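Please read the structure below before turning to the comments.
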Amino acid sequence: MGAVAAEPRIRGLRHPWTIEVLTEDELERVHRATLTVLARVGLEVRSEDIRRELARAGARVDDAAMRVRFPPEMVEEHLALIPPTFVMAARDPALDLPIDGSAGWLSGDGTSAFVVDLETGRRRPSTMRDLIETTRVADAVPELAYLWPTVAPQDVPPHTQAAHYLHVMLAHSTKHAQHNEVYSRRDAQVVLEMARAVAGGDRELRARPIVSTYQCCISPLVYDAGPIEAAVELARGGLPSGFVAMGIGCATAPATLAGTLVQMNAEMVGGMTLVEALVPGAVTFCGPYPTFMDLRTGDYRQDWGPEDTLLKLAFAQLAHRYRVPINIMALDTGAKTQDWQAGLQHAVSLMAVAAAGRAEMITGTGTLHGAAVYDNVNVILDAELFRIICEICEAPSEPWLPPSFAREPLEAWEALGRPGARERARERFREILATHEPEPLPEDLDRELRRMIAAREAEG
Amino acid sequence: MHEGERPDYDRQEEPLGGPVVPINALRATPAPADGALLALRRGPGFPILSGPELARVLETALGGGRPVPHGPARLAARDPASDLELGDLGWLGLAWPAAEVLELEGDRRRPSTLTDLREATRLADALPQVGVVAAAVRALDVDPGLRPLRELQALLAGTTKHVQIEVPPDEATAEALLEIARAPGAEPDRPAVSALLDVEAIDEPGRIRAAGVLAGAGVPIGLAVRPAVGALEETLGAALGRALRAAGDLANRAPGVTVFLVSRALGAGPDGVPAGAHAVRFLMAFVQAARELGLPAAVEALATGSRASDWQAGMEGGLGVTACWMAGPDLVLGAGLRDAGRAFSPVGLLLDTEAFDLVRPIPLGFAVDEETLAVEVIEKVGPGGHFLGEPHTLRHMRETWSSRFMDRNTWEAWEERGRPEPPDHARERARELLAEERPPALGPEAEARIEEVIAAHGRGRR
């Protein structure tokens, strides 16, 4: 018998094929429409400081309307400054992630105000303990290559959340932390201070950014003051600073797929142009997370399917055209538990990402019901799905069967009460939680981070 | 492979992403409009095998000059509106009969009966996504010698869609099946039945003679391979080789036979276990090779290893239908099968039609023109506005896909209603469909003729 290969600490998804959903002509039409929107409509940028800087950089600024319009040549010029590759470094250098198209890396999802309680199976507000547990499990599961703040703990003051998220991610895992919850310049300064402390200094952090960040546009076409100031501050501090758009078709974006594509592209391209204009050469990326409104309920559409796949493929084509790294949302579901719907939507969605040609960052596992609720059981099941799809792409020699699949004879299975994948995954989560011990931060460093959080808390 | 269908395997995209599969090219030729049945537009194919790998598979399959037979242009139905045109479209269907059924009420699992078959057939007939109606379950309460005949009778009585049967083990049964198939007055040049031949059984003399009888009457024969888990190229090449050898045997008995290639799910069958990534890769490579040979391909894409309609079933179904929209088979089989084909679930059948439905719009892409790009609407709404009151939204809001069985309640309403899952919604719909009055698919004369044939066959066996 040959030696058993050790389980890798992280696993990436290769993209051996590219499915193109837009013709070259259509791709150009979307790009030109994007430029038209940015030139004619522009972005509402609610920070006077940023507007002033953008005016100096060549944008057309209407201060009274808080409007910033970008001439097409300014957009093209600054898109060209975006580094096409970078590294999402990790506290453990062996877990550094090259963002160069060689693989797609899966993250956890977030950041839900609710969590499904492991014991009762019921939804409840999330806590710091949930944040720590979900982060520890993410550290253990190889399919999760980097972290997100998974849940929004309701038991700490809101203005300290950004600092708490980062502390938990740095203290309970050695993987790269992507921080999507930095909502003000002050928060950005605290995040940079904490990241520098762990990286060993400003120069060390710039060389190996162990934290990346992104900001979300308020569709349609608005960047709030705090987040956009944070984006620029973080980019100046040397952290990758990306832009996510979350248009809701029929509500905050057009009802057509092409219209949603144009508007969200304008939001992300506008953000990236903005940061390159103020911090030339900054590492940035885009993240399209489209949904549609259910006009019968006013909620998100919980049954998204083909539109979601088509937009993923189209956005990947746009990112490829711009040579800009992309963070694609996969594993999205409207389901409220790990049922047939969740399995179906996750498989259809992640397979599309695998065939999208590129998706350096793949977000993310853990949430249900349109990311409103976090459930740890998802992570275990989605990790198995992710591995299956990695194997579809890589053609391994030995078949691998997910541990959550039933293997016992029918009679034995019936006698056990017909456990499904969901029940097995719950057991696996408990087991990981009981046994996995992440590499802790050195004690003095941990004390230092806690002091920074306390100082932020005292600011009120 | 048809003209213009072949993906450009050699086009290399730099620096990422490997071969390009341009589904956008499909929009140049509009898909036929949906008729009585709902189909999946076949894409350009998917290069799961590289050019050299595919060449090696075909070399093994063709075994130094084995002839490639013809495929049927269509699988006809008694109701011509339900004819399955082959070429541009992929059709959903049931596949091999399971020996057990998961009861509609309560999911209790037990050996299946003729009544179960009748119910499953009624459901399959009522669902516009189902184009191929095969026996969902075995009628185990029927005399085994008459079982294939009673099963075909139940299929014909329950649907006017295309019916798929298995090649029986002897000529006499094949003759009787033909008589039954002709009873409703089918036109001789439009056999509304096709038959699956397990190519592992071609050395059984009775079986190949029976296939010859059916093929001689113009029944298209599906040459079914049952792959084992192994190295993809070798397994696929050998399986296709066996299928083409069977086609050669059949052509000797029935010149002019038309055949299509069928693959069971990898790991499916009486002793099978689900085979994860290997199953998906095999399915896609099977379709790729069949298309290259110019033969229609049918794949058992929905036979999940799960024993219930749970996360695993959804996930495996999702991989199956995604592999199908990417690879483009002519028939997507296995709807409703659970436990690797050992059990049939009526609820699962409805859910699998939804999985099929979910991917149907994908190969059609989406329109990119002045109206859909919506630049003027974006400008009019402006930053911070909304699109809810826009005429543009009113014009397009119904274009997005809608689920039939996914839960759309708010979280609170969902909890109040007992946390229903998609199988609960599908079960409700199945009850409604079974309660609907439907005109009988067979008239009294055809029924009487079928009873005569079955009685005569029974006498002949004694």
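The values are calculated or read from the model by the stated rules, or taken from the named source; none is laboratory data. Here the structure is a predicted model, which is why all the values come from computation and not from measurement. A quick note on method: Cβ atoms are made from the backbone with ideal geometry, for glycine too, and the neighbour counts reach across all protein chains shown.
Here are some notes:
- Sole residue being closer than 28 Å to B:L250 by Cα and surrounded by fewer than 19 Cβ atoms within 10 Å (Cβ to Cβ), chosen from B:D83, B:D79, B:D88: B:D88
- Residues that are touching a Ser or Thr at 6+ places or on another chain (Cβ under 7 Å), away from chain B (no Cβ under 14 Å) and either closer than 15 Å to A:R46 by Cβ or not in a helix (DSSP H, G or I) (or both), drawn from the range A:215-242: A:G226, A:E229, A:A230, A:A231, A:L239, A:P240, A:S241, A:G242
- Residue check for B:G460: surrounded by fewer than 18 Cβ atoms within 10 Å (Cβ to Cβ) and assigned to a helix (DSSP H, G or I): yes
- Filtering B:R404, B:R360, B:R419 for residues that are out of contact with any Phe, Trp or Tyr (no Cβ under 9 Å at 6 or more places or on another chain) and at the interface with chain A (Cβ under 8 Å from one of its Cβ atoms) leaves a single hit, B:R419.
- Residue check for B:G341: at the interface with chain A (Cβ under 7 Å from one of its Cβ atoms) and surrounded by 24 or more Cβ atoms within 10 Å (Cβ to Cβ): no
- Applying the condition of being surrounded by 20 or more Cβ atoms within 10 Å (Cβ to Cβ) and not hydroxyl-bearing (S, T, Y) to the range A:122-131 and asking which residue is farthest from A:E439 (Cα to Cα) yields A:R123.
- Selection count where residues are over 15 Å from A:W304 (Cβ atoms) and either at pLDDT below 95 or not polar (S, T, N, Q) (or both), scope the range A:249-260: 3
- Annotation note: of B:S309, B:S345, the sole residue that is over 30 Å from B:R74 (Cα atoms) and in contact (Cβ under 8 Å) with a residue 40 or more places away in the chain is B:S309.
- One residue alone among A:G370, A:G364 is surrounded by fewer than 24 Cβ atoms within 10 Å (Cβ to Cβ) and not hydroxyl-bearing (S, T, Y), and that residue is A:G370.
- Each residue in the range A:311-352 was checked for being touching a Gly at 6+ places or on another chain (Cβ under 7 Å) and surrounded by fewer than 23 Cβ atoms within 10 Å (Cβ to Cβ), and 1 of them qualify.
- Qualifying residue in the range A:269-292 (condition: within 12 Å of chain B (Cβ to nearest Cβ) and part of a loop (DSSP other than H, G, I, E, B)): yes
- Yes/no for A:R358 being within 19 Å of the chain's Cα centre (by Cα), within 9 Å of chain B (Cβ to nearest Cβ) and in a loop (DSSP other than H, G, I, E, B): yes
- The strands (runs of 3 or more DSSP E) found wholly in the range A:114-203 and carrying at least 1 residues that are charged (D, E, K, R) and touching a residue at least 40 places away in the same chain (Cβ under 8 Å) occupy A:123-125.
- Cβ pairs under 6 Å, 6+ apart, first in the range A:294-311 and within 8 Å of chain B (Cβ to nearest Cβ), second among the aromatic types (F, W, Y): A:R301/A:F292; A:G305/B:W401; A:P306/B:W401; A:L310/B:F366
- Qualifying residue in the range B:276-297 (condition: of a type in the set (K, R) and either out of contact with any helix residue (DSSP H, G or I) (no Cβ under 8 Å at 6 or more places or on another chain) or at pLDDT 95 or above (or both)): yes
- Single unsatisfied condition, A:R323 versus (1) under 21 Å from A:W105 (Cβ atoms); (2) away from chain B (no Cβ under 13 Å): (2)
- Selection within the range A:409-460 - buried (at least 16 other Cβ atoms within 10 Å of the Cβ), part of a helix (DSSP H, G or I) and among the aliphatic types (A, V, I, L, M): A:A421, A:A425, A:I432, A:L445, A:L449, A:M452, A:I453
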